[in-house]
Amino acid sequence: MIKSLSEKWHVIALVSTAVVAAYSNHTAAPLAAPAGWVGVNTHVGKTDGYEALQATLQATGKAVRQGAKVVVLPEAIGGDWELNSLYWAGYENTLQKRGVTVLVGAEQRLDQRQRINALFSVGRHSGLSMHSRVPVPLGMWNPLSKTRHFVSDWAGKGVTVVGEQRVASLICYEQLMMWPVLVSAIQKPTVMVAASNAWWSTGTTIPGIQNATVESWSRLFRIPVITAVNI
């Protein structure tokens, strides 16, 4: 009898805790992003050519004119970083003089087969890279492919210091997974950056689910989030 009552109280306690946690997470107000930090959404679809470069430059310029000091661009919008970093290098001095840092989503070739999916920084805090730890299986992470394989970094902490902020980076697929978020949260980040390239899922529920998940992580761990999506 005592054991039965104890088990019932354990169940009641667990259910009550879950209800309170769910209610608190649902009703909590969004956290304010660090001053000057903005995420930019783009609408260039699949392209990673000149159109995308022009679109990101224009969007960045608009954000800077509105007072942005750190601009986050979507995943992969920068295309091949080995090539397109030369394009951004032409604006490096201007960005540095204005004290602006831009985080550009792009891919970097390691060799003829292996690549890295990451956010690369230009401007005031240049030379940083935030690697995707868990690329999408098969679509990106495909060790059997002889032509295109994005390497993983499953043990990576996913936190990079940018100026005065400790940035937890979640790139696309990582936003839907518990492990990368928990590993980053333990490192006590001060801001979360969520970049994705969702052109392929336009018209589906995937972008909405992804956004809701990121917002839930933000509320749960009390970390402000900056999102940047390309559709």
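The values are calculated or read from the model by the stated rules, or taken from the named source; none is laboratory data. Computed from a predicted structure; not experimentally measured. All Cβ positions, even for glycine, are placed from backbone atoms using ideal geometry, and neighbour counts span all protein chains on display. When the accessible area is computed, the model is the full protein with side chains, heavy atoms only, and any ligands, DNA or RNA have been set aside. Shrake-Rupley method; radii C 1.70, N 1.55, O 1.52, S 1.80 Å.
So with the 1.4 Å probe, I'd like the accessible area per residue for the chain, rounded to whole Å². Kindly include the intermediate steps, with their values, before the conclusion.
Values: 12640 Å² over 231 residues.
With all protein chains present, the chain gives 55 Å² per residue.
Once divided by 2.2 N^0.38 Å, the Cα radius of gyration of the stretch 156-231 becomes 1.06. Multiplying the residue separation of Gln187 and Lys46 by 0.36 nm and subtracting their alpha-carbon distance yields 47.4 nm. Would you mind counting up the charge near Lys157? Only other residues with Cβ under 12 Å from its Cβ, with Lys and Arg at +1 and Asp and Glu at -1. Combined, the nearby Lys, Arg, Asp and Glu give +2.
Just the protein heavy atoms count here, and of the accessible area of the stretch 131-231 at 1.4 Å, carbon and sulfur take up 64 percent. For the chain, a Kirkwood hydrodynamic radius built from all Cα pairs, placed in the Stokes-Einstein relation at 20 °C and 1.002 mPa s, yields a translational diffusion coefficient of 114 µm²/s. Beta bridges assigned by DSSP with both partners in the chain are antiparallel in approximately 40 percent of cases.
What trypsin sites (Lys or Arg not before Pro) in the stretch 31-119 are in a loop by DSSP, with at most 16 other Cβ atoms within 10 Å of the Cβ?
Details: sites: Lys46, Lys62, Arg65, Lys69, Lys97, Arg98, Arg109, Arg113, Arg115; in loops: Lys46, Lys69, Arg98, Arg113.
The qualifying sites are Lys46, Arg98, Arg113.
Charge tally for Leu182 (other residues, Cβ to Cβ under 13 Å; Lys, Arg +1; Asp, Glu -1): +2.
Could you size up the charge dipole of the chain around its Cα centre, putting +1 on the beta carbon of Lys and Arg and -1 on that of Asp and Glu, and report it in debye to the nearest 20?
Values: 20 positive and 13 negative charges, 84 e Å.
It comes to approximately 400 debye.
Amide H contacts of Thr42: Val229, Asn230, Ile231, each under 5 Å away and 5 or more positions distant or on a separate chain (H built 1.01 Å from N in the peptide plane; Pro and chain starts excluded).
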